[in-house]
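Here, each number is a calculation from the coordinates, and none is a lab measurement. As the structure is a computational prediction, the values presented were derived from the model and not from experiment. When we count neighbours, we look across all protein chains shown, and the Cβ atoms used for this are built from the backbone with ideal geometry, even at glycine.
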Amino acid sequence: MKIHGWGNYSAINAQVLKPKKINDVQSLITNNDKIIARGLGRSYGDSANNSIVIDTTNLNKIIKFDKVKGLITCESGVSINEINKIIIPNGWFMPVTPGSSYITIGGAVASDVHGKNHHLEGTFSNHILFVDLMLSDGEIITISSTLNSELFQATCGGMGLTGIIISVTFRLKSINSNMIKQTTIKTNSLEELFQKYEENTLSPYSVAWIDLKKRKTINSLLFLGEHVQEGKLFSSNKKQKYIPTKFFSMFLNKYFINLFNNIYYSKNFKKKDIKNIILEDYFYPLDSLVNWNFLYGKKGFIQYQFVIPKLNGVKIINKILDIVNEYNQIPFLAVLKILGPENKNYLSFPMEGYTLALDFKVSKNLLKLISILDNVIISNGGRIYLTKDTIMNKEIFRQCYPQWEKFEVIRDRYKAIGKFSSQQSVRLGLK
Ligand SMILES: Cc1cc2nc3c(=O)[nH]c(=O)nc-3n(C[C@H](O)[C@H](O)[C@H](O)COP(=O)(O)OP(=O)(O)OC[C@H]3O[C@@H](n4cnc5c(N)ncnc54)[C@H](O)[C@@H]3O)c2cc1C
């Protein structure tokens with residue numbers, strides 16, 4: 001069948017093997033070479049693409065949930081959405097969660113995902129006690145920050161290239177209500193937005209939506225969040241809706257986006273607005289639409305996410321936006337977050353600074369634009385996120401992730417080379 005990442009770009013014909021139990025994974029690994037694990041396919045590019053993929057979504061058992069201590073062990077194919085349904089009513093929440101709940105725990109480990117609280121809580125791997133990983137010979141080995149720690153550092157953020165993650169035990173965060181107190185701050189320039197971020201670094205969660213339609217006045221909405229301390233505990237269980245993407249994709253052009261941004265921005269008309277909203281609406285605003293990723297039409301879209309150091313942050317982002325403007329490519333969505341210090345994992349993305357994610361519809365000029373942006377980001381000490389990447393080359397990868405050689409040494413030691421491989425890893429020159 002044809003498979004692709006969330007951006008619907010670089011599709012590939014693949015044999016999709018869907019084991020029902022862990023023993024089946026063992027025989028699939030030993031009988032096939034050059035395979036890669038695949039969760040819910042929410043990585044935007046080709047990291048979960050290969051001619052043979054192991055779809056883990058049937059490995060979806062919650063093995064143990066300690067409601068008193070807030071510890072959970074689950075198989076790797078369980079989604080955050082399923083976990084939330086069980087833990088929220090019991091007063092617990094994910095310690096770190098990305099902007100979609102439709103991702104698997106295996107995917108969360110392999111991308112070492114970050115959320116709106118990275119500046120205070122780090123990545124998902126910070127909260128992991130143990131991972132059970134299946135190696136190339138089918139043996140299952142337990143890894144953690146203290147047990148087989150180098151393999152742990154290679155696996156968290158390692159994009160599935162060290163083995164198949166079988167199960168994960170991690171710590172949850174205690175909550176007293178399923179509501180988030182959201183403070184929205186409206187800003188009219190990048191300088192003002194960065195200043196507001198710096199004034200609010202103690203806010204437990206933060207994320208900013210930026211309207212890039214006008215190069216001169218950059219309007220933004222900074223959404224700060226904190227858990228409400230008292231209230232009801234239930235998972236909202238909202239039904240997802242389909243949108244007629246063929247119809248809407250015809251109108252997805254810069255005029256439509258201008259109009260949408262104008263309406264959205266003026267809807268949040270106060271300079272500062274505080275209200276309580278359902279937790280899922282704060283963390284997963286796009287989850288209510290099942291197929292929004294098809295809005296960009298047949299050619300798909302690329303989400304380009306990078307991080308740059310705080311020093312000269314505004315200047316670098318301005319430079320990037322000037323180049324984007326020169327190429328007449330208006331990002332349809334632009335999201336800025338603040339990140340805290342980096343961890344020890346060899347290929348984890350976050351490092352101290354600001355991260356910007358830009359969604360571009362695929363077009364003739366886009367690939368050229370991205371290769372220019374890559375160089376600006378590298379020369380300013382930044383990094384590009386692998387789970388969003390579709391086109392990075394080997395040279396840029398090596399500069400973004402200087403520990404790549406150590407990563408390869410660990411893969412070699414555990415005989416992962418030649419066994420675990422993806423369209424992305426081949427492009428990045430990993431063995
Ligand atoms: C709307 C949206 C918002 C997002 N927001 C964020 C965000 O805020 N922060 C962030 O960090 N990310 C974010 N992401 C990206 C997403 O969290 C990651 O791409 C995540 O890895 C997707 O999980 P998945 O189950 O879909 O994995 P897939 O896309 O199927 O796979 C991703 C990678 O994980 C590997 N993998 C999957 N399962 C296993 C396993 N069992 N064993 C070994 N390797 C495995 C694959 O080989 C591949 O390399 C977002 C994505 C979307 C669509």
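Tabulated results
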quantity: Centroid-to-centroid separation of segment 140-178 and segment 64-120 [C-alpha atoms, Å]; calculated: 12
quantity: Within-12-Å neighbourhood charge of Leu347 [Cβ basis; K, R +1; D, E -1]; calculated: 0
quantity: Highest-first arrangement of 204-210, 42-48, 390-396, 401-407, where packing means the average Cβ count within 10 Å; calculated: 42-48, 204-210, 390-396, 401-407
quantity: Charge dipole magnitude, Cβ of K and R +1, D and E -1 - segment 173-228, Cα centre, debye nearest 20; calculated: 280
quantity: Estimated [θ] at 222 nm from DSSP helical runs (n ≥ 4, -39500 (n - 2.57)) normalised by residues in the chain, nearest 500; calculated: -8000 deg cm²/dmol
quantity: Rounded if a/c under 1.5, otherwise prolate or oblate - segment 146-214, Cα gyration tensor axes; calculated: prolate
quantity: Positive-end residue of Phe360, Ile396, Val409, charge dipole of segment 352-431 with Cβ unit charges; calculated: Val409
quantity: Length-normalised contact order of segment 321-431 in % [C-alpha pairs under 8 Å, at least 6 apart]; calculated: 22
quantity: Whether segment 365-429 is rounded, prolate or oblate, judged on the alpha carbon gyration tensor where a/c under 1.5 counts as rounded; calculated: oblate
quantity: Charge dipole of the chain about the Cα centre (unit charges at C-beta), most positive-ward option of Gln303, Pro19, Asn49; calculated: Gln303
quantity: Potential lengthening between Ser144 and Lys319 on full extension [0.36 nm per residue; Cα-Cα distance subtracted]; calculated: 58.9 nm
quantity: Unit charges on C-beta of K, R, D, E only; dipole of the chain, Debye; calculated: 1180
quantity: Which listed pairs, of Lys18/Lys241; Lys116/Lys216; Lys239/Lys344; Lys271/Lys337; Lys310/Lys361; Lys116/Lys214, have C-alpha distances above 31 Å, in listed order; calculated: Lys239/Lys344
quantity: Average Cα contact separation per residue, the chain, under 8 Å, 6 or more apart, as relative contact order %; calculated: 19
quantity: Estimated FRET transfer efficiency (Lys364, Asn90; beta-carbon r; R0 45 Å; 0.05); calculated: 0.30
quantity: Relative contact order computed over segment 151-220 (Cα-Cα under 8 Å; 6+ residues apart), in percent; calculated: 28
quantity: Those aspartates and glutamates that a straight Cα-Cα span of less than 14 Å connects to Lys275, excepting residues fewer than 8 apart in one chain; calculated: Glu226
quantity: Kyte-Doolittle mean at least -0.5, axial Cα span of 18 Å or more - DSSP H helices of the chain; calculated: 254-267, 313-326, 366-379
quantity: Within segment 114-138: backbone nitrogen closer than 16 Å to the Glu352 label point (7 Å, Cα to C-beta); calculated: 118-123
quantity: Efficiency of FRET between Arg413 and Met1 - r from beta-carbon atoms, R0 41 angstrom, step 0.05; calculated: 0.75
quantity: Set of segment 192-213 residues, backbone N closer than 12 Å to the point 7 Å along the Cα-Cβ line of Thr183; calculated: 196-206
quantity: Sequence of Ser51, Ser100 once ranked by neighbouring C-beta atoms within 10 Å, starting from the fewest; calculated: Ser51, Ser100
quantity: Förster radius 22 Å - calculated FRET efficiency between Asn200 and Lys270, Cβ distance, rounded to 0.05; calculated: 0.85
quantity: Segment Lys406-Lys298, length gained on full extension (0.36 nm per residue, minus Cα span); calculated: 35.0 nm
